[in-house]
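Reading through the structure tokens given below for one structure.
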Amino acid sequence: MPVHVERAELPGIGVRHDILTRGGRRLSIINFRDGGRELALSDEDDPDRAEETIQLSDDEATALS
């Protein structure tokens with residue numbers, strides 16, 4: 001089954017790209033306007049809240065993409 005990627009503009013912050021995992025969790029990459037990047041995993045009880053976030057270096061973000 002193909003993975004669907006959703007793109008959401010975050011006004012004043014940047015852009016978020018999301019996928020929904022088979023287990024029902026949202027996995028997001030946030031590209032901040034200042035150039036920073038973050039990997040986020042949604043909270044199981046509240047999909048609009050990040051349970052875990054990880055800052056990514058440029059090299060890490062490139063390797064992940």
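Nothing in this text is a laboratory measurement; each read-out follows from the coordinates by a stated rule. Quick caveat: nothing in here was measured; it's all calculated off a predicted structure. Every residue, glycine as well, gets a Cβ built from its backbone with ideal geometry; the counts of neighbours run over all protein chains shown.
What the table below lists for this structure:
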item: Cα centre as origin, Lys/Arg/Asp/Glu Cβ charges: the chain dipole, Debye; result: 260
item: Cα-projected label distance for Leu10 with Asp59, points at 7 Å along beta-carbon direction, nm; result: 2.5
item: Once exposed loop trypsin sites (Lys or Arg not before Pro) are cut out (DSSP; at most 12 other Cβ, 10 Å), longest piece of the chain; result: 1-21
item: Cβ-based charge dipole, the chain, positive-most Cα from Leu39, Val3, Ala61; result: Val3
item: Selection of GluC sites (Glu not before Pro), the chain, meeting DSSP coil and at most 12 other Cβ within 10 Å; result: Glu44
